[in-house]
Amino acid sequence: METEVILVRHGETEWNRELKFQGSQDVELSVKGKEQAKNLAIRFASKKIDKIYSSNLNRAYQTASLVAEKHKLEVVQVDGLEEINFGEWEGKTYQEINEQFDFTVEQWMKDPVSKRPPAGESLKELEERSIKAFKKILEEERGKKIVIASHGGVIRVLLCNLLQIPLSNSWRLKQSNTAVNILKFYEGDESVVLELLNCSLHLEMK
């Protein structure tokens with residue numbers, strides 16, 4: 001039995017463009033982000049899709065909704081798939097964080113697995129909640145083709161967990177806005193194949 005999971009990152013937001021840390025803030029798609037999501041929807045318009053999920057943040061839900069419209073499906077929002085909580089860093093740029101906080105981004109990046117931004121989450125905590133949500137979906141959708149719209153940080157830690165990559169290397173897995181990643185599962189969670197990574201060819205569509 002084959003289960004196909006299409007993991008997609010949300011479209012661009014104004015905070016993405018301004019290089020601000022978004023995290024758990026509910027920032028909506030920019031005009032460009034909506035166009036990216038429309039192109040993503042066109043890409044999958046003729047593909048069989050059984051179910052569409054998203055995180056509970058609007059930027060992911062909006063992205064998923066445009067894909068869902070083509071298939072006359074409802075988007076199921078799931079707790080646990082929202083972006084990492086950057087705490088007091090949210091809404092600030094890299095430079096502002098390093099100027100305003102004693103604990104800098106560089107210090108966090110030395111051990112993001114166990115260290116947290118002020119009032120935020122560690123990568124380990126993000127992994128624990130996101131993999132729990134992901135595996136619940138996988139269990140319910142055995143043998144189906146599903147789309148999950150989420151966030152760069154979430155997708156990276158999920159890929160690390162599923163492919164047995166050290167979590168500390170998650171930042172090496174680039175995730176562009178509306179990037180497509182395809183995973184195929186055979187028989188069980190352990191039999192997973194990564195078929196596509198960070199593909200955004202749909203953004204070149206005219």
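Restricting attention to the chain, close to 55% of DSSP beta bridges with both partner residues there are antiparallel. For the chain, a simple Cβ point-charge model (Lys and Arg +1, Asp and Glu -1, everything else neutral) yields a dipole of about 780 debye relative to the Cα centre.
From the square roots a ≥ b ≥ c of the eigenvalues of the alpha-carbon gyration tensor of region 86-169, which class results: rounded (a/c under 1.5), prolate (a/b over b/c), or oblate? Here region 86-169 falls in the prolate category. Helix-only arithmetic for the chain: the sum of -39500 (n - 2.57) across DSSP H runs with n ≥ 4, divided by the residue total, places the mean residue ellipticity at 222 nm at -10500 deg cm²/dmol. Across 57, 138, 81, mean-square fluctuation computed from a Gaussian network of the chain (C-alpha pairs under 10 Å connected) peaks at 138. Which residue, 76, 186, 201, has the largest displacement toward the positive end of the dipole of the chain when charges sit on each Cβ (Lys, Arg +1; Asp, Glu -1)? Highest projection toward the positive end goes to 201. Amide H to amide H distances under 5 Å link residue 13 with 30, where only residues 5 or more positions off or on other chains count and H is placed in the peptide plane. Membrane-span-like helices in the chain (whole DSSP H runs, Cα extent of at least 15 Å along the helix axis, mean Kyte-Doolittle hydropathy of at least -0.5): 152-163. Among the trypsin sites (Lys or Arg not before Pro) within region 13-66, those in coil by DSSP and having at most 15 neighbouring Cβ atoms inside 10 Å are 47, 48. Normalised by 2.2 N^0.38 Å, where N counts its residues, the alpha-carbon radius of gyration of the chain equals 0.99.
Bear in mind that the values in this text are calculations on the coordinates, not laboratory data. Bear in mind the structure is a predicted one, so any value in this text is a computation, not a measurement. Please note: Cβ atoms are built from the backbone with ideal geometry, for glycine as well, and neighbour counts cover all protein chains shown.
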